[in-house]
Amino acid sequence: MADKMFKALLWAFATAVLMAEAVRGQQVPCYFVLGDSVFDNGNNNDLDTLAKVNYSPYGIDFARGPTGRFSNGRNIPDFIAEEVGFKYDIPPFIRASTEQAHTGINYASGGAGLLEETSQHLGERISFEKQITNHRNMILTARVPPEKLKKCLYTINIGSNDYLNNYFMPAPYTTNGNFSFDGYADYLIRSYRSYLKSLYILGARKVAVFGVSKLGCTPRMIASHGGGKGCAAEVNKAVEPFNKNLKALVFEFNRNFADVKFTFVDLFSSQNPIEYFILGFTVTDKSCCTVESGQELCAANKSVCPNRGQYVYWDNVHSTEAANKVVAEAAFVGLITSPYSILLLTL
């Protein structure tokens, strides 16, 4: 069974790669990134927050060292930008000039959530709503033509913190006591729908929306909710209705707006032992860097694993560059997306 699955994956991947190779050069005029720490490339560096990583060993495999990316190297948007044909990094909002609104900006912020209250115990963060406001101000100030914006690529990764740093956290958060799993997912999706409509009004037409991964399988949640012995089933069960509803929301936009191409990126279903094995990941439940007891981020200037390409997790929540590359490439060629690959969004 595993052999058949492996051959099927190889065939699908090879076909998709050939499609991608047929398309050369920068495929979209601009690329905008919104979301949380999975996509953040430095926006939290100057904030008063615990959610920032502009120190070693973060960036140990990145050409410029620690930049604020929550990984040992490149993150998912970095790889997507390369696949789309950009020859330069998409700049973080805090360092971007007005002119760069014509070519792309990364607005993502570690700790950000769909809910304003999410991650408040960590300090400052740029919420999803604020990110959209920042985008609006930048494109209006730069006078980016609406027709140009409709050709740009947008990728969004938001929602994980609404579980990690809200629903499954103790006081000051109350959502766990106020909502069932289904009720909370519905509550979050109502906000998501409103925010996506705002982006649509601002010109977004080609949007890849990333679902929430198996948060229960992160080293952090294994320790806190899995008894330290395996994935926290309760946490994974909680995020399932969110992903289901988010995928339905993507199809809703495609159905209701004839001029859009939205796609859902399924991070949850792709996380399984067989695929990890096929891809060469041998350590799937531990961090590569040194994480102090009770923490989730790497301890400054402490030791890291030498075989980083075999680890899924860099710290207790965030992925290694190797894992980020696999996700980005799979999303680009359509192995984990529905109904469009990111490649098809760019055409």
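The values are calculated or read from the model by the stated rules, or taken from the named source; none is laboratory data. As the structure is a computational prediction, the values presented were derived from the model and not from experiment. Cβ: placed from backbone, ideal geometry, glycine included. Neighbour counts: every protein chain shown. Just the protein is used for accessible areas: all its heavy atoms, side chains included, with ligands, DNA and RNA removed. Shrake-Rupley method; radii C 1.70, N 1.55, O 1.52, S 1.80 Å.
Whose amide H sits under 5 Å from the amide H of Val291, counting only residues 5 or more places off or on another chain, with H placed in the peptide plane?
Placed amide hydrogens put Ala299 under 5 Å from Val291.
Residue by residue, what Karplus-based ³J(HN,Hα) values in Hz, rounded to whole numbers, does region 131-138 have, using 6.51, -1.76 and 1.60 with θ = phi - 60° and x for Gly and Pro?
4, 5, 4, 4, 5, 4, 5, 5
Give me the percent of the accessible area of region 103-189 that comes from carbon and sulfur atoms, probe 1.4 Å, all protein chains in place. Please list the in-between numbers first.
Working: 1670 of 3260 Å².
C and S atoms contribute 51 percent here.
For the chain, what is the relative contact order in percent, using Cα pairs closer than 8 Å and at least 6 residues apart in sequence?
Worked out over the chain, it gives 19 percent.
Once you have the Cα-Cα distance between Glu252 and Lys229, take 0.36 nm times their residue separation minus that, and quote the gain in nm to one decimal.
Once the chain is fully extended between Glu252 and Lys229, it gains 4.4 nm.
Mind running the shape call on the chain? Use the C-alpha gyration tensor, a ≥ b ≥ c as the square roots of the eigenvalues: rounded below 1.5 for a/c, prolate if a/b tops b/c, oblate otherwise.
Rounded shape, in that the Cα axes give a/c under 1.5.
For Trp314, which sequence-distant residues (separation of 5 or more, or a different chain) have an amide H within less than 5 Å of its own amide H, given hydrogens modelled in the peptide plane?
Under 5 Å from the amide H of Trp314: Cys288, Ser319, Thr320.
Compute the accessible area per residue over the chain, keeping the other protein chains in place, probe 1.4 Å, unit Å².
43
Looking at the square roots a ≥ b ≥ c of the eigenvalues of the Cα gyration tensor of region 172-302, which shape do they give, rounded for a/c under 1.5, prolate if a/b is larger than b/c, or oblate?
prolate
Return the loop-located chymotrypsin sites (Phe, Trp or Tyr not before Pro) in region 134-189 (DSSP other than H, G, I, E, B) with at most 16 other Cβ atoms within 10 Å of their own Cβ; answer none if there are none.
Details: sites: Tyr154, Tyr163, Tyr167, Phe168, Tyr173, Phe179, Phe181, Tyr184, Tyr187; in loops: Phe168, Tyr173, Phe179.
Here the chymotrypsin sites (Phe, Trp or Tyr not before Pro) that fit, given the DSSP loop and packing criteria, are Phe179.
Just to confirm the filter: which trypsin sites (Lys or Arg not before Pro) across region 273-347 are DSSP coil and have at most 16 other Cβ within 10 angstrom of their Cβ?
Answer by residue number: Lys302.
For the chain, modelled as a Gaussian network with Cα springs under 10 Å, which listed residue fluctuates most, Pro91, Pro57, Pro172?
Pro172
From the backbone phi of region 220-236, what are the Karplus-calculated ³J(HN,Hα) couplings (6.51 cos²θ - 1.76 cosθ + 1.60, θ = phi - 60°) in whole Hz, Gly and Pro given as x?
Taking θ as phi minus 60°, the curve returns 4, 7, 4, 6, 8, 10, x, x, x, 10, x, 3, 7, 4, 4, 5, 4 Hz for region 220-236.
For Lys244, list the aspartates and glutamates whose Cα falls under 13 Å from its own Cα; do not include residues on the same chain fewer than 8 positions away.
Within the straight-line cut-off, Lys244 pairs with Asp182, Asp186, Glu252, Asp266.
What pairs in Lys229/Lys325; Lys87/Lys247; Lys247/Lys286; Lys214/Lys325; Lys52/Lys214; Lys148/Lys261 have C-alpha atoms more than 26 Å from each other?
Correct reply: Lys229/Lys325; Lys87/Lys247; Lys247/Lys286.
Post the alpha-carbon centroid distance, region 310-347 to region 243-262, in whole angstrom.
20
Could you run the Karplus curve 6.51 cos²θ - 1.76 cosθ + 1.60 with θ = phi - 60° over region 268-278 and give me ³J(HN,Hα) per residue in whole Hz, x for Gly and Pro?
So the Karplus estimates, Gly and Pro as x, are 5, 5, 7, 8, 9, x, 5, 5, 4, 4, 4 Hz.
Leaving out ligands, DNA and RNA, what percent of the accessible area of region 204-347 is carbon and sulfur, probe 1.4 Å? Working shown, then result.
Values: 3130 of 5970 Å².
It is 52 percent, rounded to a whole number.
For Cα pairs less than 8 Å apart in space and 6+ apart in sequence, what is the mean separation divided by the residue count of region 180-333, i.e. the relative contact order in percent? Intermediate values should be presented prior to the final figure.
Working: 215 pairs, mean separation 33.1, N = 154.
Here the relative contact order equals 22 percent.
Using a Gaussian network for the chain with springs between C-alpha atoms less than 10 Å apart, which of these wobbles most: Ser97, Ser160, Ser109?
Ser97
Per residue of the chain, what 222 nm ellipticity follows from adding -39500 (n - 2.57) for every DSSP H run with n ≥ 4, rounded to the nearest 500?
-11500 deg cm²/dmol
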